[in-house]
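The values are calculated or read from the model by the stated rules, or taken from the named source; none is laboratory data. Please read these numbers as outputs of a predicted model, since none were measured by experiment. When we count neighbours, we look across all protein chains shown, and the Cβ atoms used for this are built from the backbone with ideal geometry, even at glycine. Ligands, DNA and RNA are stripped out before the accessible areas are found, and what is left, the full protein with its side chains, is counted by its heavy atoms. Shrake-Rupley method; radii C 1.70, N 1.55, O 1.52, S 1.80 Å.
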Amino acid sequence: MALAPALSAMQRGGCESESAAGWAAAAAAEEEEEEEEQEEQGRVDAGGSGEPERTAREEPARAPAPAPNPAQPGAAEEGDARVLRRSPPGPSAEPAQGPWPHGKPRSRGRSCKRSSGRAADGYHFVRPVTVDSSKARTSLDALKISIRQLKWKEFPFGRRLPCDIYWHGVSFHDSDIFSGQVNKFPGMTEMVRKITLSRAVRIMQNLFPEEYNFYPRSWILPDEFQLFAAQVQMVKDDDPSWKPTFIVKPDSGCQGDGIYLIKDPNDIRLSGTLQRRPAVVQEYICKPLLIDKLKFDIRLYVLLKSLEPLEIYVAKDGLSRFCTEPYQEPTPRNLRHIFMHLTNYSLNIHSGHFVHSDSTSTGSKRTFSSVLYRLSSKGVDIKKVWSDIISLVIKTVIALTPELKVFYQSDIPAGRPGPTCFQILGFDILLMKNLKPILLEVNANPSMRIEHERELSPGVFENVPSLVDEEVKVAVIRDTLRLMDPLKKKRESQSQQLEKPLARKEDPSDSDLASSSDGSSKPNPDAQLPSICLKQVFPKYAKQFNYLRLVDRMANLFIRFLGIKGTMKLGPTGFRTFIRNCKLSSSSLSMAAVDILYIDITRRWNSMTMDQRDSGMCLQAFIEAFFFLAQRKFKMLPLHEQVASLIDLCEYHLSLLDEKRLVCGRSGRLGVRPPYSGTAQEATAAALLAEGSVPPCPDGLSHSRHALS
């Protein structure tokens, strides 16, 4: 097939050379003209015909090469990244735009036509996916390897024109992006902080206590210090032999910073924490699973591909990070032995017993698959372990998505231009001695470094490649890009179209000749890549977990009544409209009582949260009010059934309201006269509409009938 364009060119008497040098020259000319096209587009974007200002970032081919950026080790210059060899162009009798999105390349006065970006049979070559890596930070090296393996085009210093994918190192707000895909969700960093995560999981624990028992019992400091001390004392009074241990984690801490263990709420260190910064205190897991007498945790990478619809992928391998001192259950003597109790890599690497290893199954950092293999050799049911871990991941994401939706609609309101989002999360999971997985925390920006520091002499370090990190992290980034590939469907469609005419037109000898020269009948960039290392777990297992998404449905109600696009808090008018449209007021719940409920709950939540950007009711305050209304209306049911019934009721009334608005809208567009000016039946219908009477429930909503009783 590779010879088909050249044979076609020879038959047409074209001037394109079929030699390798001819193809290289044509490809170089295409690159040069594409850059000229980008320059011209830049002038148009600048709003004038004058020469735009040129910087080393924008014009690397026409300016001195910039000095390497010390913050981006190993970053190639953009000029190097631009040189991407293309498939040999074939002549075409018809002008075509081909792979150039900003117009057809201009002719440079040659006596014969240049390639139009089509193959000899008239099909387009699909351009490479473009990736802006200018803000990749610690994931830069792994990202570069991934892009090279995929044969995509990287812009390490950014690009004036839009890219297909933007890879950010820290947050969604690294820059303004109006198209393409970005590897961060707005609000994710805030959502996985210790306090916010604990509150989100606690809501789910109130609804489904048995389903969410994988997260340790937690108290938020300083707000719940008195509650924490009282509950601990109550348990001690009932069971004097109980000697608990608690772990204190600063809300904004990372890499083990500020974490310590205590045995008693009156510990003086806890008093200092209360004065300095908010924190979460949790029950410490005293009986972890040990390997080689060492405590370890699991860093598992999870891809949140989409919020609506919800799509979750889990990496088939992860990292196991080991402590560097043999584990003993906590006692007042060893509480401060961080290398015994804390598994954080950033802490243990400073231990004299930390072992760097080129093997994936030895050392202080290993692959999770090597740990599973070792457990399997001892008779452990590995499938059950994986099943429990996947269940934990899905349930945790379900707890996070409601508020993520609120952040998303605030930053990217419906109807406005904006990118689509995806994100790789780092789940830190501990296996107990009985193999039950426990969620420690979720990281919005897991480290993707593929090297580690080695101390050559006191205070002198060098970066050394880490084969364990590279094996796991490069695969995660590369396959995330493959799943997000915006041109995948276009390439697959093109390949299918190319196969059909070739099968019809070529005789057997031509087909054999093309296959022997090219090695395959069609270009397939994924053919040489390993299988995808990310496994879809949702919606694949949606049937088992959809019943847990009650808070998600509450968030949809909350967003509906926000009113102003871009806001994250519900005002008093919006809350009253919610009560009125869902028919929740009654003789026992007047609108005055609704106003008091709004004021009390909103005031308490605003005093607890540090986010004072908007005044009004946040999502968590709305959920508390919703729980109150559900318990008041459906008194004899468990909490999750009370909430589900109230959600059904609200959705039913809102669906009726939407149907009425749709009918009125159609009547207005068609010029239909109002019903009250017609027959007696129409007048009756108008009266019922004015009174807000509810007609019978449609068949499609029969599941909500029980909620109306």
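Points to keep in mind about this one:
- Residues in segment 426-448 that are more than 13 Å from the chain's Cα centre (by Cα) and of a type in the set (Gly, Ala, Ser): Ser447 alone.
- Of the numbered criteria (1) more than 30 Å from Pro186 (Cα to Cα); (2) modelled with pLDDT under 95, the one Leu290 fails is (2).
- Residues of segment 142-160 satisfying the condition of being open to solvent by less than 10 Å² (accessible area, probe 1.4 Å) and under 17 Å from Ile177 (Cα atoms): Phe155, Pro156, Gly158
- Test: residue in segment 339-360 that is closer than 23 Å to Gln536 by Cβ and of a type in the set (Ser, Thr, Tyr): no
- Exactly one residue among Leu347, Leu375, Leu400, Leu335 is in contact with a helix residue (DSSP H, G or I) (Cβ under 9 Å, 6 or more places away or on another chain), part of a loop (DSSP other than H, G, I, E, B) and among the hydrophobic types (A, V, I, L, M, F, W, C), and that residue is Leu335.
- Of all the numbered requirements in (1) open to solvent by 10 Å² or more (accessible area, probe 1.4 Å); (2) among the β-branched types (Val, Ile, Thr); (3) in a strand (DSSP E or B), Ile390 misses one, and that requirement is (3).
- Where helices (runs of 4 or more DSSP H) fall entirely within segment 619-705, those with at least 3 residues that are within 30 Å of Glu190 (Cβ to Cβ) and at pLDDT 90 or above are at 619-633, 639-670.
- Considering residues of segment 350-372 that are of a type outside the set (S, T, N, Q), part of a loop (DSSP other than H, G, I, E, B) and within 19 Å of Ile450 (Cα to Cα) only, the residue least open to solvent (accessible area, probe 1.4 Å): Gly363
- Output for segment 316-328, where each listed residue is open to solvent by 70 Å² or more (accessible area, probe 1.4 Å) and either without any contact (Cβ under 8 Å) to a residue 40 or more places away in the chain or among the acidic types (Asp, Glu) (or both): Pro326, Gln328
- Subset of segment 127-141 that is basic (Lys, Arg) and under 18 Å from the mean Cα position of the chain (by Cα) - its residue that is least open to solvent (accessible area, probe 1.4 Å): Lys135
- Picking from residues in segment 534-585 that are under 22 Å from the mean Cα position of the chain (by Cα) and among the small types (Gly, Ala, Ser), the one that is surrounded by the fewest Cβ atoms within 10 Å (Cβ to Cβ) is Gly566.
- Members of segment 456-483 found to be under 20 Å from the mean Cα position of the chain (by Cα), surrounded by 19 or more Cβ atoms within 10 Å (Cβ to Cβ) and not charged (D, E, K, R), listed by number: Val472, Val474, Ala475, Val476, Ile477, Thr480, Leu481
- Looking across segment 230-260, just one residue is part of a helix (DSSP H, G or I) and either in contact (Cβ under 8 Å) with a residue 40 or more places away in the chain or among the small types (Gly, Ala, Ser) (or both), and that is Ala230.
- Residue within segment 413-430 that is farther than 28 Å from Leu140 by Cα, in contact with a strand residue (DSSP E or B) (Cβ under 9 Å, 6 or more places away or on another chain) and open to solvent by less than 30 Å² (accessible area, probe 1.4 Å) present: yes
- Count of segment 172-209 residues, restricted to those that are open to solvent by 30 Å² or more (accessible area, probe 1.4 Å), outside any helix (DSSP H, G or I) and under 30 Å from Lys249 (Cα atoms), is 2.
- Residues of segment 336-349 that turn out to be under 29 Å from the mean Cα position of the chain (by Cα) and surrounded by fewer than 17 Cβ atoms within 10 Å (Cβ to Cβ), as a count: 1
- Among residues of segment 261-273 that are at pLDDT below 80, none has a beta-carbon under 8 Å from a residue that is assigned to a loop (DSSP other than H, G, I, E, B) and open to solvent by 40 Å² or more (accessible area, probe 1.4 Å) at least six positions away or on a different chain.
- Qualifying residue in segment 298-309 (condition: surrounded by fewer than 19 Cβ atoms within 10 Å (Cβ to Cβ) and free of Cβ contacts under 8 Å to residues at least 24 places away in the same chain): no
- Being within 22 Å of Leu372 (Cβ to Cβ) and in contact (Cβ under 8 Å) with a residue 60 or more places away in the chain is a description that does not apply to Leu487.
- Candidate set from segment 224-256 (those that are exposed (fewer than 15 other Cβ atoms within 10 Å of the Cβ) and closer than 29 Å to Phe626 by Cα); member that is nearest to the chain's Cα centre (by Cα): Leu227
Residue by residue, here is whether (1) of a type in the set (Gly, Ala, Ser); (2) open to solvent by 30 Å² or more (accessible area, probe 1.4 Å); (3) within 20 Å of Pro250 (Cβ to Cβ) holds:
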site: Leu270; (1), (2), (3): no, no, yes
site: Leu274; (1), (2), (3): no, yes, yes
site: Lys287; (1), (2), (3): no, yes, no
site: Leu290; (1), (2), (3): no, yes, no
site: Val314; (1), (2), (3): no, no, no
site: Pro330; (1), (2), (3): no, no, yes
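- Residue check for Ser377: open to solvent by 60 Å² or more (accessible area, probe 1.4 Å) and either touching a strand residue (DSSP E or B) at 6+ places or on another chain (Cβ under 7 Å) or without any contact (Cβ under 8 Å) to a residue 12 or more places away in the chain (or both): yes
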